[in-house]
Amino acid sequence: MQRVRACALLLAVLTAAAPAAAQPAQKIIFDTDFAFPPQDDAMALFFVLGSPELEVLGITTVAGNRSLNIANADVLKILEVTGRTTIPVYQGAAAPLMHQGSEWDTKRHGGWYANEPSREPPGGFAKTKTLESQGAVDYLVKTVMQQPGQVTILALGPLTNIAMAMRMEPRFAASVKQLVIMGGAIASLVDGGGNHTPNAEFNFYVDPEAAQVVLRSGIPIVLSPLNVSRKARFTKASYDKIVAADTPVTRLIRDNLGPGYKDRPDRIALMYDQVAAVTLVAPQLIKTVELYVDVDANPGPNYGVSVGAPQPWPGGEGARKMQVQTDLEWDKFIQLYIERVTRPQPAGK
Ligand code: RIB
Ligand code: CA
């Protein structure tokens, strides 16, 4: 009996002393309406590239902030400049499922309606890095179906590619591990107005039909809406800390954000896509509530508006339960963000 107790004690001591087993990196697909910094998609990618907890299986592009051509050219260039050319890039949808851009859209933010050819990214087009021949939707379906329950999608643009993948493969939704989405605005919570129309957030407004299909899919979703983006305000103080380091990433940030701060040192940029990216590494820094959420895809004043509530409501029968971010621990959040974007990039990864 004594010997059994001694063995148990020894085992307990050894277990306590052993270093925690390293967690395998989370497999992610980075789905993005990419554009060069200061665009938030690029600033989110820098965080992801500096985070060893994440393994970027691939990047899939979609029209949104700019045309698909610009998204492609810019992301290829960034991967080349940062030395991360082994990450494959797959081109996705050049336009939303149904939404046609209006005069309103051309006057406001975004080039998704335009299909404009790419202008040269700063520093010229990528010299050797090219798009994969497979398209984004095929790639999403194949990758997720080969590893069911293992792949998380970080969706930072209109949800067109994800909706098309669901359409192509009925088992796709059930096979995705998790979707972290930057999109929507919940008007029933603080800071829930829209940023493109009075109540619609840009990503959901660009492709409301896709947003509705994806939110109703049953995929476990963490939604990062404008309510939380409005708590994440990037200022010159953070910029100065980043550019104090000298790496390819911080040089890109300096060259592309620096002129803006020279003109207006008090400018504030909301960290939309960065909040969603940080969620993958440090979810404990971001407060969430569980809500039923749906998207209005009926043309009219609420086209693309997301609605959320703690309980289903009459007319909201399509709404699904998801984790909705509302606030964050700013000091820890920005400290982690800065630490990751100033890390030297692992060579050739
Ligand atoms: O509304 C903000 C979102 O729209 C961000 O993802 C931004 O990059 C644009 O896609
Ligand atoms: Ca985006």
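The values are calculated or read from the model by the stated rules, or taken from the named source; none is laboratory data. Keep in mind that this is a model prediction, so the values were computed, not measured. Here Cβ is always computed from backbone atoms with ideal geometry, including for glycine, and neighbour counts include all displayed protein chains. What goes into the accessible areas is simple: the full protein's heavy atoms, side chains included, and nothing from ligands, DNA or RNA. Shrake-Rupley method; radii C 1.70, N 1.55, O 1.52, S 1.80 Å.
Summary of values
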{"quantity": "The range 54-136, Rg to Rh (Cα coordinates; Rh as Kirkwood inverse mean 1/r)", "calculated": "1.01"}
{"quantity": "For the range 158-171, Karplus couplings with θ = phi - 60° (6.51, -1.76, 1.60), whole Hz, Gly/Pro x", "calculated": "x, 8, 4, 4, 5, 5, 5, 5, 5, 5, 6, 9, x, 8"}
{"quantity": "Lysines whose Cα lies under 26 Å from that of Lys262, excluding same-chain neighbours fewer than 8 positions away", "calculated": "Lys77, Lys231, Lys236, Lys241"}
{"quantity": "Amide H contacts under 5 Å for Asp207, placed H, 5+ residues apart", "calculated": "Leu159"}
{"quantity": "Integer Hz, Karplus 6.51/-1.76/1.60 couplings in order for the range 327-341, x for Gly and Pro", "calculated": "7, 8, 8, 4, 4, 5, 4, 6, 4, 5, 4, 5, 4, 6, 7"}
{"quantity": "Net charge contributed by nearby residues that have their C-beta within less than 12 Å of Ala276 (K/R +1, D/E -1)", "calculated": "-4"}
{"quantity": "DSSP beta bridges in the chain [antiparallel fraction, %, rounded to 5]", "calculated": "35"}
{"quantity": "Reachable aspartates and glutamates, given that their alpha-carbon falls under 13 Å from the alpha-carbon of Lys142 and they are not under 8 places away in the same chain", "calculated": "Glu169"}
{"quantity": "Estimated 222 nm signal from helices in the chain, with DSSP H stretches of n ≥ 4 weighted -39500 (n - 2.57), rounded to 500", "calculated": "-11000 deg cm²/dmol"}
{"quantity": "Largest-first principal axis extents, alpha carbons of the range 92-205, Å", "calculated": "43, 41, 26"}
{"quantity": "Anchor Lys127: aspartates and glutamates whose Cα lies under 16 Å away (excluding residues fewer than 8 positions away in-chain)", "calculated": "Asp74, Glu80"}
{"quantity": "Accessible surface, the range 216-349, averaged per residue in Å² (probe 1.4 Å)", "calculated": "47"}
{"quantity": "Solvent-accessible area, 1.4 Å probe, carbon plus sulfur percent, for the chain", "calculated": "55"}
{"quantity": "Accessible surface of Asp246 - all protein chains present, 1.4 Å probe, nearest 10 Å²", "calculated": "110"}
{"quantity": "Dimensionless Rg ratio for the chain, taking C-alpha atoms and the 2.2 N^0.38 Å reference", "calculated": "1.03"}
{"quantity": "Under-5 Å amide H pairs with Leu54, H placed in peptide plane, nonlocal only", "calculated": "Gln26"}
{"quantity": "Centre separation in Å (Cα based) which lies between the range 102-121 and the range 192-242", "calculated": "19"}
{"quantity": "Solvent exposure ordering (accessible area, 1.4 Å, most first) of Ser229, Ser217", "calculated": "Ser217, Ser229"}
{"quantity": "Largest to smallest principal axis extent of the C-alpha atoms in the range 236-277, angstrom", "calculated": "25, 24, 15"}
{"quantity": "In Hz, Karplus ³J(HN,Hα) per residue of the range 215-231 (6.51, -1.76, 1.60; θ = phi - 60°; x = Gly, Pro)", "calculated": "5, 8, 6, x, 5, x, 10, 10, 9, 10, x, 4, 3, 7, 4, 6, 9"}
{"quantity": "Spin-label model distance (nm) - Ser188 vs Ala22, 7 Å beyond Cα toward Cβ", "calculated": "4.5"}
